[in-house]
1. May I ask you to list the trypsin sites (Lys or Arg not before Pro) in segment 274-377 that are in a DSSP loop and have at most 16 other Cβ atoms within 10 Å of their Cβ?
2. Expressed in nm to one decimal, what extension gain is obtained for the pair residue 392 and residue 379 from 0.36 nm per residue of sequence separation less their Cα-Cα distance?
3. Spin-label point model (7 Å from Cα, Cβ direction): what's the residue 173 to residue 120 distance in nm?
4. In degrees between 0 and 90, to the nearest 10, how far off the longest principal axis of the chain does helix 15-26 point, with axes built from Cα atoms?
5. What relative contact order, as a whole-number percentage, does segment 12-425 give when Cα pairs under 8 Å and 6 or more residues apart are counted?
6. Taking 0.36 nm per intervening residue step and subtracting the Cα-Cα distance, what contour gain separates residue 322 from residue 127 on full extension?
7. Grab the eigenvalues of the alpha-carbon gyration tensor for the chain, scale each by 5, take roots, and send me the semi-axes largest first in whole angstrom.
8. Modelling each spin label as a point 7 Å along the Cα-to-Cβ direction, I'd like the residue 402/residue 220 distance in nm, to one decimal.
Amino acid sequence: MSLKSSPQLRRELGVVGATVMGLGSIIGTGVFVSIGIAAGIAGNAVILAVIIGAMVAICNGLNSAQLAANHPVSGGSYEYGYKYLNSWLGFTAGWMFLLAKSASAATAALGFAGYFLNATGLSGRGFLVPLAIIAVIAIAIIVLNGIRRSNRVNIVIVSISVFSLIFFIFGGIPTAIATGKDNLTAFNSSAAKVLHASALMFVAYTGYGRIATLGEEAKNPRKTIPKAIVVTMIVTMLVYVGVATIAVATIGANKLGEAALTGQAAPLEVAVRSFGIPGGTQILAIGAIFAMLGVLLNLILGLSRVLLAMGRRRDMPRIFARLNTTGTTPTPAVIGVSIIICVLVLIGNVKTTWSFSAFTVLIYYSITNLAAFSLPRHERLYPQWLSIIGLLACVFLAFWVEAFVWQIGIALIVAGLIWHSVAVKLGPPELGVKS
C-alpha cells in the first residue's frame, strides 16, 4: 500500500497565496519578541545576529524549496527524510517539528493575549490564559474551514502586521538619527553571544517551512514553492534588519533586551514610545496582535499537515490521516494539535520556549539539508554546496543555546526514537512513497 492510496488535499495555492502563508508564519513572535531577547544576549550586535540568522535561513529555504518542488506532499522534512534518507531521520524531523512548533504556537497565543490585554488596558494575569485558549479555538475553527478561507484571513492578518512594522521603521527614523550615534556604537559582544543570538534569530525566520509543508496544496509546486520561499525570505530579511536597526538606534540594546526579558512590556512598544508619535503604540499593538494570530494560524496549519503525514505512515495514530469529506482539511489532525497547544498554554509561562524551539528547529533543518544533499542530479534546482553550508550552519548553531536546553532536546530525540522503534515493530509494514 502506498501513501498515494490515502486521500489527497486539493491544490489551491499560487505564488501569492504561498508567499502570504510564509510571511504570516514568520512575521509574529520573531520580530515582536525575539529581537528583544537576542538584544539582551548580544547587545547592539543583535543587528549582526539578524543578518547571520537570515543567511542560514536563506540556505535552508532554498534547500526546502527544491525538496518541496520535487516531492510536493504535506509533511515537509518529515517526508523528505523518509524519501531521501531513512525512516529514523524522517521520524526525527517530524518529531522535532511537532515539539518545537507546538511550543511556539502556545507562545504565540500567549503573546497575542499579552499584547491584547496591554492594548486594552486590562490588568491581571487571570485573563491571559483564558484569552490565549479562546484564540487557539477561534483560529482552529478557521483552519477547519479549509485552506482557501484560511488564506483569505491570512492576507488580512499579514497586511496589518506588515503595515505596523513599516510604520515602526519609518516612524522611528527621526529618533534613530537623533540618538543613533550613541546607541549604534561598534559591536562589543563576544562571538559566543552573537552565535547564541543568531540561533534564536534563525528561529524567527523559519516560518518559510510552512510553504513546504503545504506543498501538497500548491499549484504547479516546482515553480510556485521556490518562488514563494525566495520572495518571502527577501521581504522578511529587509523588514527584520530595518526593525532591529531602528529599535537599537532609538532606545539602545540594553533597554530593548530588558523590555523583552523582564516581561514588563513588549520590546518594540518600549521603542515606539520614544518616537513621540500620537497613537504610535496603538498602531504597533494592533500589528502585534494580528501578527501573533497570523503565526498561530500558520502553525496550526503546518502542525496539522505534519501530523497528517505522520498518521499516514502510522508514526502517529492512523486517525490523524483522515480528511474531511471535501478533502480540504485534515480535521482530526487540526483538532489534535489544537488540544496540544491549549495544554501548553495552560502552563502559562514557558521561559525556555524560544531556546528550545531554536535547538529543535535547527536539528529539523539539519535533516532538511541532508535530504537536499541526497537529491539526484536531475532533481536539483541549486548547487550541492548549498546543502553542505546549510547543514554545517544548522548543526553548528544548534549547540550555542543554553546547555540544559540542548540536553533536554537530545533526551527527547532519544525518547521519540524509542517510540518509533516500538511503532515499527507493532505496526503494519512501513509505507512508502512512490516517485
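FYI, it's all coordinate maths here, none of it is from the lab. What you see is a predicted model; the values in this text were computed from it and never measured. Cβ coordinates were reconstructed from backbone atoms using ideal geometry, including for glycine residues, and neighbour counts include every protein chain displayed.
1. Details: sites: 305, 312, 313, 314, 318, 322, 351, 377; in loops: 313, 314, 322, 351.
Those satisfying the criteria are 322, 351.
2. Working: separation 13, 0.36 × 13 = 4.68 nm, distance 2.20 nm.
That works out to 2.5 nm of additional length.
3. Spacing of the two 7 Å Cα→Cβ label points: 3.6 nm.
4. 60
5. Values: 779 pairs, mean separation 145.8, N = 414.
In percent, rounded to a whole number, it is 35.
6. 66.7 nm
7. On the way: eigenvalues 233, 107, 80 Å².
With the √(5λ) rule applied to the chain, the semi-axes are 34, 23, 20 Å.
8. Label-label distance for residue 402 and residue 220, simple model: 4.9 nm.
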